[in-house]
Amino acid sequence: MSRLRIGLFWAILSVGLEAIQAVFFGGIFQAHDSFVIGALVFGTTSAATLAWTQLRTPDQLNIAWSKQRSFLGLSLSMTIVWIAYFFALQIIEPAVIFMVFSGLIPLSILAVSRLGVPEATTPHNGIEKIGLAVIGLGVIYLWAITILSHSGFVRGGLPTAIIGLFLSATAAISLAVMMIYVHRLDRLGIAPIAQYGLRFPLYIIFSLCAIGLGIDAKGAVDTQNLAVVVLVGLVVIAFPVFAMQKAISMLATGTLATITALGPLAVFVLQFVEGRVGYATATMKVLAIYILGALLAAFGGAQATTRRKVSS
């Protein structure tokens, strides 16, 4: 199997598992302190992958430490993604946050490519450009209806809506930046399993501080129930992150960002299957626009990839 196909497999697997997590397990995770879950899920998996790397290929950690700017950029951008996305979910309808987040990732990669960053790739053809333009239109429309209070719940007035949208955009931009750092470290010979472990030190430190301050405390902790939640989290939270890490090392940033933009479509399909599609009318309209753009962008990227394979 070619490197491209393997990368596509990991990317689609990541998007699918994240959609499953959002639809079927979102309520379970919201009932617990998110920082406790994050610290346990990412703390254990990060420690395990770093220990494995130290035993098998210690040179990779030495290389990462010698490139402290890229290492810190990877960890800091990942930390900002999780913190911004989590707080955005507390104040704006999750469907809105997920669409803004997913849509702005490929648009952020495109913007960064205009700045001359070599790791940020441009659209392959006109179809993909049109798809990204439609996604951009959908995101703008979504911002507008959220500010006007037509997209669903907002825990507050106009200032709260703006803050929530800003946090969602911050998370998306940070994820695009993280993709770039992953590509840089990959070129240096640092494998996905090592990079996974290197992502989370700052996030774990922040989570422990947040736990101490009780920022997302939900009352008394049922240890047995929490253990079950953490085990589920290893499958639908940690593993999708690792799958995305594998995909980033095999795919161009633009291609991966386009696949990531299909996330809201996966969530919508799963909610439809489950019989629980409860979006506001205005959100349903913008979802249709967004999905059209995401499908066009994905089709354009796939078409370009197929032509390159045939010509080679």
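The values are calculated or read from the model by the stated rules, or taken from the named source; none is laboratory data. For clarity, every value in this text was computed on a predicted model and none was experimentally measured. Note: ideal-geometry Cβ built from the backbone for every residue, glycine included; neighbour counts use all protein chains shown.
A quick yes/no check of all residues on (1) more than 24 Å from residue 197 (Cβ to Cβ); (2) surrounded by fewer than 14 Cβ atoms within 10 Å (Cβ to Cβ); (3) over 18 Å from the mean Cα position of the chain (by Cα); (4) of a type in the set (Gly, Ala, Ser):
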{"position": "227", "(1), (2), (3), (4)": "no, yes, yes, yes"}
{"position": "233", "(1), (2), (3), (4)": "no, no, no, yes"}
{"position": "264", "(1), (2), (3), (4)": "yes, no, no, no"}
{"position": "287", "(1), (2), (3), (4)": "yes, no, yes, no"}
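Picking from 74, 107, which residue would you name as being within 21 Å of residue 177 (Cα to Cα), crowded, with 21+ Cβ neighbours inside 10 Å and modelled with pLDDT of 90 or more?
Numbers: 107 fails: crowded, with 21+ Cβ neighbours inside 10 Å.
So the residue among 74, 107 that is within 21 Å of residue 177 (Cα to Cα), crowded, with 21+ Cβ neighbours inside 10 Å and modelled with pLDDT of 90 or more is 74.
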Pairs, first farther than 11 Å from residue 270 by Cβ in the stretch 18-35, second aromatic (Phe, Trp, Tyr) and part of a helix (DSSP H, G or I), C-beta under 7 Å, six or more apart: 34/86
Of the numbered conditions (1) under 28 Å from residue 57 (Cβ atoms); (2) assigned to a helix (DSSP H, G or I); (3) of a type outside the set (Val, Ile, Thr), residue 189 satisfies every one except a single condition; which is it? (2)
From the residues in the stretch 119-132 that are assigned to a helix (DSSP H, G or I) and crowded, with 22+ Cβ neighbours inside 10 Å, which one is modelled with the lowest pLDDT? 128
Hey, residue 215 over 20 Å from the mean Cα position of the chain (by Cα), modelled with pLDDT of 90 or more and surrounded by 15 or more Cβ atoms within 10 Å (Cβ to Cβ) or not: no
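Given the residues 100, 96, 112, which is the only one that is assigned to a helix (DSSP H, G or I), buried (at least 24 other Cβ atoms within 10 Å of the Cβ), at negative phi and modelled with pLDDT of 85 or more? Before you say what the answer is, go through the steps one by one.
Numbers: 96 fails: modelled with pLDDT of 85 or more; 112 fails: buried (at least 24 other Cβ atoms within 10 Å of the Cβ).
Result of the check over 100, 96, 112: 100.
Counting residues that are out of contact with any Ser or Thr (no Cβ under 7 Å at 6 or more places or on another chain) and over 24 Å from residue 168 (Cα atoms), which helices (runs of 4 or more DSSP H) fully inside the stretch 1-86 reach at least 2?
Qualifying helices (runs of 4 or more DSSP H): 3-24, 34-56, 58-66.
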Restricted to the stretch 133-180, and to residues that are out of contact with any helix residue (DSSP H, G or I) (no Cβ under 6 Å at 6 or more places or on another chain), without any contact (Cβ under 8 Å) to a residue 40 or more places away in the chain and not in a loop (DSSP other than H, G, I, E, B), which residue is surrounded by the fewest Cβ atoms within 10 Å (Cβ to Cβ)? 159
Filter the stretch 47-69 down to the residues that are touching a residue at least 12 places away in the same chain (Cβ under 8 Å), of a type outside the set (A, V, I, L, M, F, W, C) and closer than 18 Å to residue 181 by Cα and list them by number. 60, 67
